[in-house]
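J.: The structure follows.
FYI, it's all coordinate maths here, none of it is from the lab. Owing to the predicted nature of the structure, the values given are computational and were not obtained by experimental measurement. Cβ: placed from backbone, ideal geometry, glycine included. Neighbour counts: every protein chain shown.
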């Protein structure tokens, strides 16, 4: 995991993940790799009300934006 991400401070202001204690918070590349490996999308792909459900599935993404 890239805890030494040079963009972490800049990303922190844009990261919409509400999962408390997420070790990938504001480290976009690690977050994306993690979620894609689980056949999911990261929090930033979802509207706030959907993100809070923690359902990051592709199916939920399609439902949210349809």
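J.: Does region 39-66 hold any residues that are in a loop (DSSP other than H, G, I, E, B) and under 23 Å from residue 7 (Cβ atoms), and which are they? Don't jump to the end; show me each part of the working.
T.: Going through region 39-66, the residues in a loop (DSSP other than H, G, I, E, B) turn out to be 39, 41-42, 46-47, 52-56, 66.
Scanning region 39-66 gives 41, 42, 46, 56.
J.: Kindly establish whether residue 32 is surrounded by fewer than 17 Cβ atoms within 10 Å (Cβ to Cβ), closer than 15 Å to residue 8 by Cβ and free of Cβ contacts under 8 Å to residues at least 12 places away in the same chain. Don't jump to the end; show me each part of the working.
T.: Working: surrounded by fewer than 17 Cβ atoms within 10 Å (Cβ to Cβ): yes; closer than 15 Å to residue 8 by Cβ: yes; free of Cβ contacts under 8 Å to residues at least 12 places away in the same chain: yes.
Yes, satisfied.
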